[in-house]
Amino acid sequence: MAFTFPKHSKMLSPAFTYGVATASFQIEGGIEHRAPCIWDTFCAKEGNIIDGSNGAIACDHFNRWQEDVELISSLGVDAYRLSISWPRVIKDDGTVNQEGMNFYVRLLDKLKEKSIKVFVTLYHWDLPQHLENKGGWLNRDTAFKFQEYAAHVVKALGDRVYAYATLNEPFCSAYLGYEIGVHAPGLVGKENGRKAAHHLLLAHGLAMKVLAKESPNTLNGIVLNFTPGYPLTDSDENIKATAMANEYHNYWYAKPIFDGEYPALIETLPKAHQPDIFDGDMAIISHPVDFLGVNFYTRAVYEADEQEGFKEVQLPNVERTDIGWEVYPQAFTDLLVDLNERYQPPAIFITENGASIDDEIEDGNINDERRVSYYQRHLNAVNDAIEQGVPVQGYFAWSLMDNFEWAEGYLKRFGIVYVDYKTQQRTIKQSGLAYRQLVMGRHK
Ligand code: IFM
């Protein structure tokens, strides 16, 4: 199995960055060496995680990081996207936990030794629990705590880093975590979601200021996830409902960063659901970024709903991955073209894309044909966007290896490497082998 591209494709050039991605809570374990975070607390509550699991061991990356760097290197990729665990590097009193910071210093040194570029995400959802106890992302002060944390990380990691993303998917933190409660900290209420989102975006802007000043030689930006909405039919009501859904779920995060304002939808929300925007906030949030990280997995289909304005519809008889997400690569191209037209980001990196498949290991092989097919079609979708002038400079497979898939526990596998959670043995899947062949076979 191998991936194919049109011969002239820019994605076959060595200048195009290929990488693999992970996040701290999903792979590290080693929780006895760090302060508690909101996901530890969320996992401890019965019913929150489908298989009742937690991040205590995960992929045991905290102990197996050297072996994992060898694995990444064996895939031949140019880059590795990882996240820093805030509660591992900062103690509850705000000072640096040197032991925790050294973990990342050593990891990054080893990656440098292997000539692998490091894309660091500062926040991939593991908020220190003591900050949640003071209101978490509903508390404006958390944004300033994040700025201090960012400054400590930049100082410690120095020139080991190629690119920094402030946040990963603030939509998930704000909407899933504070509005519908399926992610940590599990709060529910429309009065929460937009307020949490505003403080997350403020945190991003404040950290960008630090990054621009203290780390001018890295690429500094943010990672947003997009699930583009499409109308169920072309009726005016459904088209309008879809536009509303797109503003609420997608542009809500991108527009403030690039245009310095929220989508017009904000005016129609009840006052109690609107964030408190202080003078100067939007200028902080719209600090120029060097790149936009785009995470894409699927699309959503909407129809009008009298009460809510829009409602998601599950189409019957469409191809889906094993997490239930529709496979619809055209939406990837459409999204990238749309983002480029709207915001002209200086550069785009696809920071996540991949498929959850219920893999089985047979005679030491994982023949994940459906994942290979997913990757092939989505890589082509990116190529189509590049051909339409979108400045995509790199692509990261989600994920390097199977890991803790949040509320789904360990039941959903996104890796291009299989993890046997009993033995912690890693085995490269067919998709991983195909990815390696693509990366290593590029024109020199
Ligand atoms: O596993 C997650 C990741 O942490 C954030 N983006 C989506 C992935 C798949 O759900």
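Summary table below
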{"item": "Those residues of region 387-414 which are without any contact (Cβ under 8 Å) to a residue 60 or more places away in the chain and small (Gly, Ala, Ser), in sequence order", "result": "Gly389"}
{"item": "Index of the failed condition, Leu167 passing every other in (1) away from the ligand (no atom under 16 Å from the Cβ); (2) closer than 22 Å to Ile257 by Cα; (3) in contact (Cβ under 8 Å) with a residue 24 or more places away in the chain", "result": "(1)"}
{"item": "Residue count for region 280-313, restricted to those that are more than 28 Å from Val382 (Cα to Cα), among the aromatic types (Phe, Trp, Tyr) and either part of a helix (DSSP H, G or I) or in contact with a Leu (Cβ under 9 Å, 6 or more places away or on another chain) (or both)", "result": "0"}
{"item": "Whichever residue in region 227-253 is closer than 25 Å to Glu191 by Cβ and not in a helix (DSSP H, G or I) and, among such residues, is farthest from the chain's Cα centre (by Cα)", "result": "Gly229"}
{"item": "Sole exception among (1) within 16 Å of the ligand (Cβ to nearest atom); (2) more than 19 Å from Gly76 (Cα to Cα) for Ala21, by number", "result": "(2)"}
{"item": "Criterion violated by Ile277 - all others in (1) aliphatic (A, V, I, L, M); (2) within 21 Å of Asp236 (Cβ to Cβ); (3) surrounded by 13 or more Cβ atoms within 10 Å (Cβ to Cβ) satisfied", "result": "(2)"}
{"item": "Hey, Val382 away from the ligand (no atom under 16 Å from the Cβ), over 30 Å from Cys37 (Cα atoms) and of a type in the set (Val, Ile, Thr) or not", "result": "yes"}
{"item": "Filter result (of a type in the set (D, E, K, R) and within 29 Å of Tyr162 (Cα to Cα)) within region 8-51", "result": "Lys10, Glu28, Arg34"}
{"item": "Given (1) closer than 22 Å to Ile27 by Cα; (2) within 19 Å of the chain's Cα centre (by Cα); (3) among the polar types (S, T, N, Q), number of the condition Gln424 does not satisfy", "result": "(2)"}
{"item": "Residues (part of a loop (DSSP other than H, G, I, E, B) and either at pLDDT below 95 or surrounded by fewer than 23 Cβ atoms within 10 Å (Cβ to Cβ) (or both)) located in region 162-182", "result": "Tyr162, Gly181, Val182"}
{"item": "Which numbered condition Thr227 misses (of (1) within 16 Å of the ligand (Cβ to nearest atom); (2) hydroxyl-bearing (Ser, Thr, Tyr); (3) crowded, with 23+ Cβ neighbours inside 10 Å)", "result": "(3)"}
{"item": "Complete set of residues in region 397-432 that are within 12 Å of the ligand (Cβ to nearest atom) and farther than 18 Å from Arg371 by Cα", "result": "Phe404, Trp406, Ala407, Glu408, Gly409"}
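The values are calculated or read from the model by the stated rules, or taken from the named source; none is laboratory data. The structure presented is a predicted model; accordingly, all values stated were derived computationally and were not measured. Glycine gets a Cβ as well: all are built from the backbone with ideal geometry, and neighbour counts include every protein chain shown.
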